[in-house]
1. For region 120-136, in order, what is each residue's ³J(HN,Hα) by Karplus, 6.51 cos²θ - 1.76 cosθ + 1.60 with θ = phi - 60°, in whole Hz (x at glycine and Pro)?
2. Tell me, E139, E246 in order of fewest to most beta-carbon neighbours within 10 Å?
3. If Lys and Arg each add +1 and Asp and Glu each add -1, what is the summed charge of the other residues whose beta carbon sits under 13 Å from the beta carbon of Y165?
4. Exposure proxy check: H89, H274 ranked by fewest other beta carbons within 10 Å?
5. So what's the projected area for region 264-317, the Cα convex hull averaged over all directions, in nm²?
6. Of the cross-linked pairs K156/K181; K175/K201; K175/K210; K202/K307, which ones have a Cα-Cα span greater than 18 Å in the structure shown?
7. Using amide H atoms built in the peptide plane, which far-off residues or other-chain residues are under 5 Å from C163 H to H?
Amino acid sequence: MSSSAPSVGIRLLDGGDLRIGGFTVHLTALTLTSPPPKQISSFSSSSPALLTIRFVSHHHRDMAGMATMRTIDPWATKVVNLGILLLWHYIHFIVNVCYFLLGLSVAIKSYLISTGVLRKYRALDLGKLRYLAVVIDSEEARQTEKVIQLLQWLAKMGVRRACFYDPEGVLERSKDVILGKLNFISLLEDSTDDVSPANEKKLILEVASKSDGKEAVARAANLLLVKYLKSKSSGEDKEENFFTEERMTEALKAVGCRGPEPDLLFVYGPARCHLGFPAWRLRYTEIVHMGPLKSMKYGALINAIYKYTLVRQNYGK
């Protein structure tokens, strides 16, 4: 090979063959780069077979590497995606198992309480539970038979004062049906201070809705404003602060929306909140979520009240 190798003409034919000088190389797949590989530019025309071997070997090695990379990349992506999917299903399975075991333990405990096997739940000390509130989701409040059954359970336990609330007023519209089936219930607005044995056995029921919340505050505020304007015009009121908590309480009583503050509040429904129950009545109230009304259990009700009787509340000064 001389120091200055003669140039070799390279041309790609229409049929996919490669023309090098006076020789034709048959190739099935070829991608030429620019400038051409060094093996071709420095090759002497005296050994064309060597050129073909070198060029084809170099090209096939590159094509094989790219094909291997293209084969590995999709498989690696599939393996990673499969691993993430299996991990998600595993975590989901573990969480479901935990919830299942928790629900099973609650159901078993509720059954043992309701059958009287656990003796400590047989006699509840309801001295601390002066007033009970029950918040029911409006959709579930349409299950009148369940509401009646819940009232029967509360009366059986010895609860004497309770408030049933739902946001849309479903219970208020169905209270006549409920009272028609339960003769041991009297409404709060109809109750008196009579402490006769007959009245002591009755459950005094308050039925409330969202209209007893923000709307009640608005009505009480309007009433208080009217009183303030009258006192201002007559010159009777000389106090700097007319709108006090005491007067607001009196105004709420005047519009019929100042009920007792419940000691314990049960929530039935999907939401874990009081669903708009008047917030000013919940200063020291214990709130317990009881789950769906359709799956309520007598033992779970006793267990919740029993736990409340063990709670020690510390009131600030």
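1. 5, 8, 5, 10, 8, 8, 8, x, 7, 8, 7, 8, 10, 10, 10, 9, 10
2. If I rank by nearby Cβ atoms, fewest first, I get E246, E139.
3. Net of charged neighbours comes to -4.
4. If I rank by nearby Cβ atoms, fewest first, I get H89, H274.
5. Mean orientational projected area (region 264-317, Cα hull): 4.4 nm².
6. With Cα atoms farther than 18 Å apart: K175/K201; K202/K307.
7. The answer is L132, A133, V134, E206.
Throughout, read-outs are computed from the coordinates displayed, never taken from laboratory work. Please read all numbers here as calculations on a predicted model, not as lab measurements. All Cβ positions, even for glycine, are placed from backbone atoms using ideal geometry, and neighbour counts span all protein chains on display.
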